[in-house]
Structure formats: structure tokens, C-alpha cells
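The values are calculated or read from the model by the stated rules, or taken from the named source; none is laboratory data. Quick caveat: nothing in here was measured; it's all calculated off a predicted structure. So basically every Cβ, Gly included, is an ideal-geometry build from the backbone, and we count neighbours across all protein chains shown. Remember, those area values only see protein heavy atoms, side chains included, never the ligands or the DNA or RNA. Shrake-Rupley method; radii C 1.70, N 1.55, O 1.52, S 1.80 Å.
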Amino acid sequence: MNNAGNRFLAGLLLTGVTITASAEKEIRFSGTAESLDSGKTVYTEHHRQTGECLDGFWAPRKHEVTYRNPDGDIIARKTLAYGDTPSRPSFTLEDQRFGERMQVRNPENGRVRIRYRASNGDESSYRPRAPDNGVIDAGFEVMVRQNWETLVEDGESVRIQFLVPTRGKFYAFDAEPAEMPTLEGEHVFRISVAGWVSSWFVDPLHLAFNDQRQLTDFHGLTNILRNPDDNYRAHIRYDHESAPGCR
């Protein structure tokens, strides 16, 4: 598996659909990442998100994540901004330990702009065109909510084009209902690659949601570095302090 190619396939949390406005709200939640290799807690996530309920759906506007090691020290930060296409948010992720930095900007009109600095100092930039079914980072949860009836009620799969920023391209992935007893959510989904790309991305990601359509579990390759060359593989369990009062 090429970890550089998979590094940012995982941040997949958080969402919304935009239609008509209501008062802005703030929600907070946290996640605990347990290594799939050692079984030990390797880091925690602390989320703060602002948004609003629009026609009964949660529409995030801004989102901040702080990642800490088991001693409580900050190891990484992430910020996201949701515009008119919430399934394709702009985001910046910076690792405080290894100097890695990923910046993705999705303007309302034009190509996606990507700037990446690897842990070894190498820099690269890309400008791919986003397809209509394109998904960026945490926009996966937007896609799940937008296709809830297809995935949950009909039990069918949804084809998406997911951005792999380190490669500067959108690749075909299938999101489909799945089963994994170790996950706590009532609804489990598997994300697996389609076609030849599977030769460098082997293991699927699994995510679970509760009946309120909140993310409860993430299982697979994360976007947080274990060392300069590899990312953590983890089971992340999420604890929501509050609900937005809409789906």
C-alpha cells in the first residue's frame, strides 16, 4: 500500500446540505484513536464546528480539529471551510511534529487548488477539476446524508470520485452498506476503491453512524502520521457532546 497516496483518504467526518437559513449553532465532539496494530490509544481528536439547520439538515460552515497525543500535547491541527458545495470543503492540515502540510482550496468557480509539503520537505502543487460527484475529505459525511435513503433504506451503493490530494486527482470509490460488529453505530458503510487504483490502496475504510446520522466510528488508515513515512491505522470512537437538533 502506498501510504503517501492514501494519507488523506481518511478525515472523513462532518457535514450538511444548504437550502434555507436558521440561527447559527456550535457543536463539539471528540474522538479517541486506538491503533489497529498495538491496541493502544495513540491520539485524540477535539472538534468544534459551527453551522446551522437548513430545511432539517445540518449544514456546517467552519470546523476546527485539534489532535493530541496521549500526554495531551498537540500533534496536528486541521481547519475546514464549507462553501456552496459542502461535499467538497476547503481544508488545511498541519502536522506539528514532522512538518507535513496539506492545503486544499475549492473555489466556487474553477479548479481545486492543492499545495502539499511532505515530511521530507518536498513540495508539490496540483489543480484538478472536480467532477459533479466529487468528494473532498470530510465531505464524505455530507455525501452519506445526501444519499441516506439510497444507502440505508434501499441498501444500495453510491459511486463517488474522492480526492487524493497527495496525487492531485479524483479517483472512483464505492460507498456501500456493510457489517462490522466491532463498530458501535447502527449504520456501517464501507468505502472501497474501484478499478486499477486498488493496486495501491488495498484496505477499505469503514465508518459507522447512529440513527441521528452522527459519525460514531472510523476504522482504517487515518490522516495522522505515525512516523515520517507511515500513517496510523486506527479505530476511532466518537463521543458527541451535543446534537444540532436536525439530521
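Observations, loosely collected:
- Test result for Glu176, over 30 Å from Pro228 (Cβ atoms), modelled with pLDDT of 95 or more and surrounded by fewer than 14 Cβ atoms within 10 Å (Cβ to Cβ): no
- Residue check, Arg167 closer than 22 Å to Asn231 by Cβ, charged (D, E, K, R) and touching a residue at least 60 places away in the same chain (Cβ under 8 Å): yes
- Check on Phe189, touching a Gly at 6+ places or on another chain (Cβ under 9 Å) and either surrounded by 19 or more Cβ atoms within 10 Å (Cβ to Cβ) or of a type in the set (Phe, Trp, Tyr) (or both): no
Per-residue answers, yes or no, for (1) of a type outside the set (Val, Ile, Thr); (2) out of contact with any helix residue (DSSP H, G or I) (no Cβ under 9 Å at 6 or more places or on another chain):
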{"site": "Arg145", "(1), (2)": "yes, yes"}
{"site": "Thr150", "(1), (2)": "no, yes"}
{"site": "Val158", "(1), (2)": "no, no"}
{"site": "Ala172", "(1), (2)": "yes, no"}
{"site": "Glu179", "(1), (2)": "yes, yes"}
{"site": "Glu184", "(1), (2)": "yes, yes"}
{"site": "Ser192", "(1), (2)": "yes, no"}
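- Test: Thr79 is modelled with pLDDT under 95 and β-branched (Val, Ile, Thr): no
- One residue stands out in region 212-235 among those that are β-branched (Val, Ile, Thr) and either within 19 Å of Val164 (Cβ to Cβ) or open to solvent by less than 10 Å² (accessible area, probe 1.4 Å) (or both): the one that is modelled with the highest pLDDT, namely Ile224.
- Leading residue by the ranking (farthest from Gly139 (Cα to Cα)) among those in region 56-71 that are touching a residue at least 60 places away in the same chain (Cβ under 8 Å) and open to solvent by less than 10 Å² (accessible area, probe 1.4 Å): Tyr67
- Selection status of Thr50, in a strand (DSSP E or B), under 18 Å from Phe218 (Cα atoms) and open to solvent by less than 70 Å² (accessible area, probe 1.4 Å): no
Residue by residue, here is whether (1) surrounded by 15 or more Cβ atoms within 10 Å (Cβ to Cβ); (2) closer than 23 Å to Arg247 by Cβ; (3) touching a residue at least 40 places away in the same chain (Cβ under 8 Å); (4) among the polar types (S, T, N, Q) holds:
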| site | (1), (2), (3), (4) |
| --- | --- |
| Asp73 | no, no, no, no |
| Gly83 | no, yes, no, no |
| Ser87 | yes, yes, yes, yes |
| Gly110 | no, no, no, no |
| Ala118 | yes, no, yes, no |
| Ser124 | no, no, yes, yes |
| Pro128 | yes, no, yes, no |
| Val135 | yes, yes, yes, no |
| Glu149 | no, yes, no, no |
